[in-house]
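Only the coordinates and a few stated rules stand behind these numbers; no lab work does. Note that this is a predicted model, so its numbers are computed, not measured. FYI the Cβ positions are ideal-geometry reconstructions off the backbone, even for glycines, and counts take in every protein chain you see.
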Amino acid sequence: MRIVYVTHGKDLFPQIRAEYFLSKNHEVHFIGIPPHIQNGIIENKSLKYIEIQKRYNFPFFFDPEVGMQIRKITRDIQPDIVHIFGTYFGYISFFVHSKKVVIENNGSDVLLTPKKHWMAKLYYFPVFRYADGVIQDSEISRKASYRCGARRTDNLVIPLGINTDIFNDKVEKGVFRKKYNISDQVPLIFSPRSLKPLYNFSDIIHSLAILSEKGKDFIGIFAGYASENYQEAISLVKKFGLNDKIIFIPHLSQKELSYVYADSSVVVSVPSSDSLPSSVIEAMACKTPVIVSELPWYKGIFQPGNDIFSVKVNDIKQLSRIILNVIEKRLILNYSEIFRQVERCYSIENCGKRLEQFYLNILNRN
């Protein structure tokens with residue numbers, strides 16, 4: 001097959017989707033469109049990457065100039081599948097030259113955006129109806145997509161998948177700690193999500209301030225910059241006197257990220273809304289305890305107290321208490337089955353096989 005992925009420039013998601021197909025000798029292209037991912041990198045050099053630079057100020061990401069450039073690129077490539085990440089980029093489907101078009105909603109596309117912008121549904125309806133297939137990473141996203149006009153046939157839950165050759169329980173320990181000169185005796189509390197209000201980074205900083213007031217030793221690590229909120233995060237750190245206890249790290253490759261998970265005492269992911277976060281799955285694969293928000297996405301998938309720990313959204317005191325209990329090993333998960341479960345359900349290989357079959361099924365339909 002000849003596949004084209006389209007989304008933000010050098011975004012990691014299409015690169016993860018592409019891994020399986022590149023390993024099976026499919027031809028894979030990636031068109032990166034504005035707005036671009038800051039400091040993004042292409043990790044697999046076999047991926048044929050094309051970046052579109054020009055963008056005008058059209059509302060809601062709609063940009064016919066970008067669409068016309070994609071039209072020319074796909075006319076030259078003649079792909080079997082064009083797979084668009086982000087329903088808000090769905091307008092591109094009306095420009096591409098392709099046998100079939102797949103839309104992948106990113107969870108927040110259908111869980112949050114229609115609540116904030118009522119016109120989004122009016123835009124999503126024709127986008128979803130025009131697509132030949134729809135995928136997403138969780139059942140709650142699929143149900144929400146129906147309310148935005150998505151088809152019920154050829155609409156599947158196929159998780160993004162993680163590279164279990166990179167994220168596993170055999171990752172070398174001590175690499176990240178050595179880089180930042182952090183003792184093995186100091187607990188590391190890692191937040192891998194973006195510095196955006198959705199991910200409640202301020203709650204995490206507040207909870208760490210409570211631990212600091214109790215005289216607890218730790219280092220908090222924050223990854224995933226959002227430039228518009230970075231200064232707010234820095235101000236909170238200064239306000240609570242945490243300058244020596246919190247480190248903000250830049251964009252990391254997947255291999256570098258695995259070292260942070262391996263050295264962490266606990267990973268904290270407590271957004272106000274979520275679908276199926278890759279960071280949580282990656283941490284679980286490294287057998288690192290994870291604290292998540294009490295949200296519907298994990299119901300029937302993971303069991304709190306057995307696979308993960310959960311806290312109420314925006315409950316800072318409960319979060320600080322759970323963090324403390326985990327780093328002091330008063331709460332311990334059942335690690336014996338966690339990696340096997342992740343490998344069985346969320347490896348790139350298994351998720352890639354499902355997506356490959358999905359592509360073949362819609363290509364075989366007239």
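Each Lys and Arg contributes +1 and each Asp and Glu -1, all at the Cβ; summed about the Cα centre of region 1-120, the dipole is approximately 160 debye. Around VAL311, with a cut-off of 10 angstrom between Cβ atoms, what is the net charge of the other residues, counting Lys and Arg +1 and Asp and Glu -1? Within the 10 Å Cβ shell, the charges total 0. For the chain, a Gaussian network of Cα nodes joined below 10 Å ranks LEU188, LEU355, LEU242 by mean-square fluctuation, and the top entry is LEU242. Seen against the Cα atoms of the chain and their longest principal axis, helix 201-213 is set at about 10 degrees. Highest mobility in the GNM of the chain, judged by mean-square fluctuation with C-alpha springs under 10 Å and restricted to VAL186, VAL28, VAL270, is found for VAL186.
Classify region 289-366 as rounded, prolate or oblate, taking a ≥ b ≥ c as the square roots of the eigenvalues of its Cα gyration tensor: rounded when a/c is under 1.5, otherwise prolate if a/b is larger than b/c and oblate if not. Prolate. In a reduced charge model with +1 at each Lys and Arg Cβ and -1 at each Asp and Glu Cβ, region 175-345 shows a dipole moment near 220 debye about its Cα centre. In region 175-345, Cα pairs under 8 Å separated by at least six residues give a relative contact order of 24 percent. The packing ranking of peptides 38-50, 272-284, highest mean first, is 272-284, 38-50, where packing means the average number of other beta carbon atoms within 10 angstrom of each residue. Here the spin labels are modelled as points 7 Å beyond Cα on the Cα-Cβ line, and at LYS170 and ARG151 they lie 4.2 nm apart.
Magnitude of the charge dipole for the chain, about its Cα centre and with charges confined to Cβ atoms of Lys, Arg (+1) and Asp, Glu (-1), is about 580 debye.
Going by the alpha-carbon gyration tensor, a ≥ b ≥ c the square roots of its eigenvalues, is region 166-256 rounded (a/c under 1.5) or, if a/c is not under 1.5, prolate (a/b greater than b/c) versus oblate? Here region 166-256 falls in the oblate category.
Between ILE166, ILE73, ILE81, the residue with the greatest mean-square fluctuation in the GNM of the chain (Cα pairs under 10 Å linked by springs) is ILE73.
Counting beta carbons within 10 Å around each of ASP63, ASP76 and listing the fewest first gives the order ASP76, ASP63. Starting from the Cα gyration tensor of region 175-345, take the square roots of the eigenvalues, sort them a ≥ b ≥ c, and report rounded, prolate or oblate (rounded when a/c is under 1.5, otherwise prolate if a/b is larger than b/c, else oblate). It is rounded, given that a/c, with a ≥ b ≥ c, falls under 1.5.
Only counting other Cβ atoms within 10 Å, I'd like ILE234, ILE332 sorted with the fewest neighbours first.
Working: ILE234 14, ILE332 10.
Starting with the residue having the fewest Cβ neighbours, the order is ILE332, ILE234.
Ranking of SER320, SER98 by neighbouring Cβ atoms within 10 Å, starting from the fewest: SER98, SER320.
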